[in-house]
Each structure stands twice: as structure tokens, then as C-alpha cells.
1. How big is the shadow of the Cα convex hull of region 278-332, averaged over all directions, in nm²?
2. Using every Cα-Cα pair within region 479-637, state what percent have a distance larger than 28 Å.
3. Could you tell me, in Å, what Rg and Dmax come out for the Cα atoms of region 463-521?
4. Using a simple charge model, +1 on the beta-carbon of Lys and Arg, -1 on the beta-carbon of Asp and Glu, nothing else, what dipole does the chain show about its Cα centre, in debye to the nearest 20?
5. Relative to the present Cα-Cα distance, how much length would full extension add between residue 78 and residue 610 at 0.36 nm per residue of separation?
6. With θ taken as phi - 60° and the coefficients 6.51, -1.76 and 1.60, list the Karplus ³J(HN,Hα) couplings across region 281-292 in order, rounded to whole Hz; mark glycine and proline as x.
7. Quick check on region 313-464: take the gyration tensor over C-alpha atoms, sort the square-rooted eigenvalues as a ≥ b ≥ c, and tell me if it's rounded (a/c under 1.5), prolate or oblate.
8. Could you pull out which residues in region 552-594 have an amide N less than 19 Å from a spot 7 Å beyond the Cα of residue 600, following the Cα-Cβ vector?
Amino acid sequence: MKNLMSIRNVLSMKKIVSAGIAAGTLLGATGVFAAAPDQVQHASSVKSAGNLAIGAYIAQDQGGNDFAAQLQSSTHSHGKQTQNAKKTTSQAQGALGFEIGQNQGASNGSVQSQNANWGFGSVQKQASKDKVNQFQGALGAFIGQDQGSVNDTTQVQGTSGLFNDQHQKGKNMTDQSQSAFGAFIGQGQGTANVGSQSQDAAGLANTQHQGFSNTSANDQSAVGGFIDQAQGNGNSTTQGESSLGLLNNQSERANTNTMQHQEAAGLFDSQISGAGNSTTQLSQAFGECNTQDQGTSATTHQHQTGLGVNNSQTQASQNDAAQGAVAAGVGNFQGQGSDSTTHQGQVAVSHDVTQNQGSSNNGLQSSAAVGKDNVQLTSAGNDTMQGQVGAKGATQTQSSANGSLQGSQTAGKDNFQGQGVQNTTAQGQAGTKGATQTQAAGNGTLQASSSVGKDNSQGQGVQNTTAQGQLGSKGATQTQVAATGTAQGTQAAGKHNDQSQTTTNTTAQGQVGTKGAVQTQGSVAGTTQGATAVGKHNSQTQNAGTSTTQGQVGSKGAVQTQGSGSLTSQSATALGKHNTQAQDAANTVSQLQVGTKGATQTEASSGVTNQTSAAFGSNIHQTQSSSSTVVQSQSAH
């Protein structure tokens, strides 16, 4: 009902706005430069609903709502404006038994507005597509099913000047399916897709492109009794572009895809899946010949299958990406790209199995350029894969968090800044009777770059990879923890400064345990790099690499513990001219344990590296290098 009230309010507002636009168009038609632009608006809506009920005490509800408002205005322009809106809603329900309740609700809303003033040859296109398909099937008794879907799209374009071209395209699709066979089954699904796009161009020959796509597919199937399933999905995309000057080109695109699948067969099963995707992109260009490109893609796949008794499975995934770029001057190029992918799968066979998985991907990127001929490139990729298979009494928990924060600022001319982050985490667990397994992996990256002067070049790159695998038999308790943190900062003031920083952290942990084995592995790697250059012709390079490999195999009663920690801090400061500074640090740790009956084994390794370089004057060359390798192996029979 809240959505209906908001739609009525929007309709009232659009009536007032349409009246104002009509008056403005009528006044503009009396001008000497008035022309009859091409304006085309098209809206189409298709609805289908079907109900089938056989039995007693059956209640079925289906609701569909369509909303489309399109507004166009043109003054002193030979431009072309086209708006398209298409909505499709299909709902089907089937019930056989007694005391079955089914509810389905779908709402589609689209608002498109175009405005062209004082322009010549402007072309504006907007297209929006909403599609909702919902299906429910119930056979048995005391079955309750709920499905809800909301699609909301708002697109606004405004242009003033000459040869402006703007394109916006939005697409929302939701597919939900539920099937229940048995008794006392409750299923609920909810998904919401919201997309908002805004473009504003003033000047000459500006081109702006925006595209967003939200796709959600939820499927649930339950056979047995006392089965409870719930799925929730939310997608939100906001894109804004503003261009003032000459020959600006801006392009933003966002793609979000979420697929959730649940299957439960047995008794007392409970499954919960939740996925949230949010993308915000902002681009502004002031000056001439500015080009800005932003792209983000988030994909989440979640799968759960439960066979047996007393199974409980929970999956949660969150993807957040925020990108902002501001350019003022001449010939600035800014490119930002963010990609987040999460795969989660759980399979539980037998009874007393509890499985939990959680994954979060966060990316925040910001870039600002003042001057001319500035080039800024920022890219971040997060990939997480988690898989769990559990037997009788097994309790398994997996958690992974990837976060990237990148900021770049430049003032002057001919500055180049490049930042890249890649985080990859793969976790796998398989447990038999009474096994308790826990895995946690966290990757965090912070990069900041600032340049004042001219001809400055700054490059930063971070790559973190973590792979964890556990396999446990009767009574085994296994725990693996891996955390990697990287912070890099560069500052350059003057001219012809070159700064480069690179960090690579790799962690691999594997555990195999038999009866009564308790195994614990932990790895921590931290890298901090900072470079500051004031003067001219300064060159600074820092490299840090950390690799940790741990493996444990234990038999009856074995207790094994491994721990590894590495800390690397590098700092370089140059004041003067013609200074060159280079720092390199590498840490490698490999630990292996194999134990038989009653064996207790413990391995620990710690590496700390601190490098500091400072140069004052001219023509100074400094180089530092550090390498540490530790190999530990234990075997007990």
C-alpha cells in the first residue's frame, strides 16, 4: 500500500510538471528559432494471472500494479526525443489439499523525463523494461507461500547546447518460483529492483551513456514436513552524470545479477538466503575534451540443498560499490571499474547439520583531476567462492570479507595515476560425524595517491589471494583464519616525479583430520608502504611480497597448531631533485605437520621487516632489499 501511495503522489507531481512543461513549450514555440523536434513516447503493459484451487480452506491472492509516466520538452531545437516503457507481469498459483494460503504481489513503476533547451541536433533516448514472473505450487496440507516483487525505474535527461547525445537504458527482471509437497511447509520470497539514472549536459557535442540491469531469480522446492524456507534479494543502482564545457564523453553502466536456489527434503529443515547489491556512480566533467568511464558488475550465486533431519542452512551475501569521478580542465580521462563475484554452495545430508556462510564485498573508488591532460585509472576486483558439505552432527561456518578503498587526486597537467586491487578467497569444507569446522578470511586494501605539479606518474597495485580447505572425520574440530591488510600512500609535488608501489600476499591452508583430531591454523600478513616526493625528477619504487603455505594431516587424538605472521613496513621520502629510491621485501613461510595417534605438534613463525629511506639534496640513489624464508616440517608416527 505504501508503494501505491507513493505512485499516487508521483502521478500528482507529474501532472503539475506536465502542465508547466506544456506552458514552457507553448512559449518557446513563439520564438524565431523554434523548430518542431521529433518526440515519440511508447508505453506497453501485459498482465497475466491464474488461480487454481482444489480442496478446502484455500485462500489465494494475486495483485499487479503498473505505473508509467513519460514527459518530454524541447525548445529551439531540431533534436529527437524517444521514450519507451514496457511492463510484463505473469502470476500463476496452484493449490491441492486444504488450509493452503498463497499470496503474490507485483508492482512496476517507471518515470522518464527528457528536456532539451537551446540545443541543435540533440538526440535523447530512454528505454525501460520491467518483467516479473511468479509461480507457486502447493500439494499437501497447512502450506503457506508468499512472493513479492517491486520494480522501480527513474530516468531523467537534460541537455542544453549543440550536438548533445544522451542515451539511458534500464532493465529490471525478477523470476520467482515456489513448489511445496508435504505438510506444515512455509515459504517466502521477496525481491526489489530499484534503478535511478540522471544526465545533464551543457556545452557542445557532449555524449552521455548510462545503462543499468538488475536481474533476480529465486527458486524454492520443499518435499517432506515442517520445512521453512525464506529468500530475500535487493538490488539498487544510482547513476548520475553532469557535463559542462566542450566535447565531453561520459559513460556509466551497472550490472547486478543474483540467483538463489533452495531445496529441502526431509524433516525440520530451515533454509535462509539473503543477497543485497547496491551500486552508486557519480561523474562530473568541467572544461573540454573530458572523458569519464565507470563500470561496475556484481554477481551472487547461492545454492542450498538439505536432505535429512534437523538441517539448518544460512547464506548471506552483500556487494557494495561506490564510484565518483570529478574532472575540471582540459583533456582529462578518468576510468573506474569494480567487479564483485560471490559463489556460495551448501549441501547437507543426514541429520543435525548446521551450516552458515557469509560473504561481503565492498569497493569505494574516488578520483579527482584539476588541470589538463590528466589520466586516472582505478580498478578493483573481488571474488569469493565458498562450498560446504556436512554429514551427521557437523557444524560448519565460513565467512569472507573483501574491502577496497582507492582515492586519487591530481592538480597540474600531464599527471598519470593508476591503482588496481584484486582480492580472491576460496574456502571449502567437508565434515563427517560430529565435526566442527570454521573458516574465516579477510582481505583489506587502502590506496591513496595525490599529485601536484606536472608530468607526475603514480602507480599502485595490490593482489591478495587466500585458499582454505578442510576435511574432517568423527569428532574433529578444525579452525582456519587468514587476514591480509595492505595500505599504500603516495604523494608527489613538483614535476617529473615517478612513484610505484606493488604488494602481493598469498595464503594457502589445508587441513585433514581423523577421529578426535583438533587442528588450528592462522596466518596474518600486513603491508604498509608510503612514498613522498617533493622537487623534480624523483623516482620511488616499493615492492612487498608475502607467501604463506600451511598443511596439517592428523590421525586419532592428534592436536596440531600452526601460526604465521608477517609485517612489512616501507617508507621513502625524497626532497630535492634527481633522487632515486627503491625498496624490496619478500617473506616466504611454509609449514607442514603430519601426526598419528596422540601426537601433539605446534609450529609458529613470525617475520618483521621495516625499511625507511630519506633523501635530501640532489642526484641521490638509495636501494634497500630484504628477504626472509622459513620452512618448518614435523612428522610423528
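The values are calculated or read from the model by the stated rules, or taken from the named source; none is laboratory data. Because the structure is a prediction, the values reported are computed rather than measured. Cβ: placed from backbone, ideal geometry, glycine included. Neighbour counts: every protein chain shown. Remember, those area values only see protein heavy atoms, side chains included, never the ligands or the DNA or RNA. Shrake-Rupley method; radii C 1.70, N 1.55, O 1.52, S 1.80 Å.
1. Working: hull surface 17.3 nm².
Reported value for the Cα convex hull: 4.3 nm².
2. Values: 4671 of 12561 pairs.
In whole percent, the long-distance tail amounts to 37.
3. Final numbers for Rg and Dmax: 20.1, 66 Å.
4. 140 debye
5. Numbers: separation 532, 0.36 × 532 = 191.52 nm, distance 6.59 nm.
Full extension of this stretch gives 184.9 nm more.
6. 10, 9, 9, 9, 9, 10, x, 9, 6, 7, 10, 10
7. Numbers: a/c = 5.04, a/b = 3.87, b/c = 1.30.
In terms of gyration-tensor shape, prolate.
8. 553-563, 593-594
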